[in-house]
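Below you'll find the structure, written out as structure tokens, and then a few comments.
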Amino acid sequence: MTPAPVTGRPRCADLADAAGDAREGTAPPADRWLLVEDPGPWERTALAGIGPDALAALSHWAADTRGRIVLIRRPGRRTAREDAPRRWFRVDARPGHEEIRTGEYRGEAELAAVPGVGGQRSNRPVTLVCAHGKHDTCCAVRGRPLAAALAAANPAETWECSHIGGCRFAPALVLLPHGFTFGGVGPAEALALVRGYERGTLDPRALRGRSSLPPVVQAAQHHARAATGATGVDDLRPVACARAGENAWRVTLAGPDCTVLLRERLVTVDRPLTCAARPSGRVRVFDALEVRR
């Protein structure tokens, strides 16, 4: 019997893969991250499930610190007791200030107080995989299997998370405290990325960028890594970033020292950039014009 043809609109990540969309310069902006355990299910706007007082307190913290709030849960279907304590992580992702503090909360009042709580310092990295299916189908289809595979190897450090942006690059993988964001990685590749990060190195091929850096600097680091072979998590520190003419940027990096000249373009594409969007969309591209050692 001949199977029925597959119908329906193609998913955004499949279309982005086919188009070869550039990942560099697309990490979600955040100097700090606040991770709040919530087993879900999550609505399309995940934070809508947080009580109003807690949401107001967390939103105030995010506005003051250029912070990003995401919900987290353990991979797999689990039933949590309503009165059970839940984890939180407050992460500083700024270069030179990398830190993770963690604690527990019960109820809305304790959650509202989390931004001002000292918490316990953690020396273990945190791995996030976006699996927010109600926000974008690709994040569920691609993210959940990746989270499950990473959790099998690193159960304590791995969490599914709510929407972080760039759904067309699913699955999205975030390594904290640095805020390095990767896209489109499979389980074996992702496990190698996590192991390398624990040793202080990066494989830059699927790297979208670092959340605390502007998109143009993220892109400059990408092109500089390709030109110099630098793989250290702290390599290529930003020194200066300035306009170099219309739609052009000059970014100076250190360790190894180099200067990257970039051209910024906005490209209109006749396809959706998320599964919920409609064509056409626009993508930002940074072309490397020169990398000077």
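All of the numbers you see were taken from the coordinates with simple rules; none came from a lab. Note that the structure is predicted; figures quoted are calculated from it, not measured. For neighbour counting, all protein chains shown are included, and Cβ atoms are generated from backbone atoms with ideal geometry for every residue, glycine included.
Observations on the model:
- Qualifying trypsin sites (Lys or Arg not before Pro) in the stretch 217-281, DSSP loop, other Cβ atoms within 10 Å at most 13: none
- Rounded to the nearest whole Hz, the Karplus-based 3J(HN,Hα) values (6.51 cos²θ - 1.76 cosθ + 1.60, θ = phi - 60°) of the stretch 204-215 follow the sequence x, 4, 9, 6, 7, x, 10, 4, 7, 10, x, x, with x at glycine and proline.
- Summing Cβ point charges (Lys, Arg +1; Asp, Glu -1) relative to the Cα centre of the chain gives a dipole of roughly 400 debye.
- Backbone geometry of the stretch 187-198 corresponds, through the Karplus equation with coefficients 6.51, -1.76 and 1.60 at θ = phi - 60°, to 3J(HN,Hα) couplings of x, 5, 5, 5, 5, 5, 4, 5, 4, x, 4, 4 Hz, x marking Gly and Pro.
- In a DSSP loop and with at most 14 other Cβ atoms within 10 Å, the GluC sites (Glu not before Pro) in the stretch 210-293 are E246.
- For the chain, built as a Gaussian network whose Cα springs stay under 10 Å, the top-fluctuating residue of G245, G49, G76: G245
- Between R265 and T231, full extension at 0.36 nm per residue minus the direct alpha carbon distance yields a gain of 9.5 nm.
- Gaussian network model of the chain, Cα within-10 Å springs - most flexible of I50, I100, I72: I50
- Cβ crowding within 10 Å, taken as a proxy for footprinting-reagent exposure, orders H163, H97 from fewest neighbours to most as H97, H163.
- Positive-pole candidate from L253, W33, W61, dipole of the chain, charges at beta carbon: L253
- Scattering profile of the stretch 187-293 at q = 0.11, 0.20 Å⁻¹ [log10 I(q)/I(0), Debye over alpha-carbon scatterers]: -0.41, -1.03
- Those residues of the stretch 191-210 whose amide nitrogen sits under 14 Å from the label point placed on A152, 7 Å along Cα→Cβ: 191-192
- Choice from T45, T252, T231 showing the highest fluctuation, given a GNM over the chain with Cα pairs closer than 10 Å: T45
- Residues in the stretch 255-293 reached by a label modelled at A244 [backbone nitrogen below 18 Å; 7 Å Cα→Cβ]: 255-266, 285-293
- Gained length - D53 relative to A84, 0.36 nm times residue gap less alpha-carbon distance: 9.1 nm
- Taking all C-alpha pairs of the stretch 215-274, those more than 16 Å from each other amount to 47 percent.
- Length gained on full extension, V117 to A276: 53.5 nm, using 0.36 nm per residue less the C-alpha separation.
- The alpha-carbon atoms of the stretch 12-212 define a convex hull whose volume equals 110 cubic angstrom per residue.
- Which of H223, V174, G196, positive extreme of dipole for the chain (C-beta unit charges): H223
- Mean separation of Cα contacts under 8 Å, 6 or more apart, over the residue count of the stretch 12-212: relative contact order %: 27
- Couplings for the stretch 157-174, taken from phi via the Karplus curve 6.51 cos²θ - 1.76 cosθ + 1.60 with θ = phi - 60°, read 9, 9, 9, 6, 9, 6, 3, 10, x, x, 4, 5, 9, 4, x, 8, 10, 10 Hz in order; Gly and Pro are left as x.
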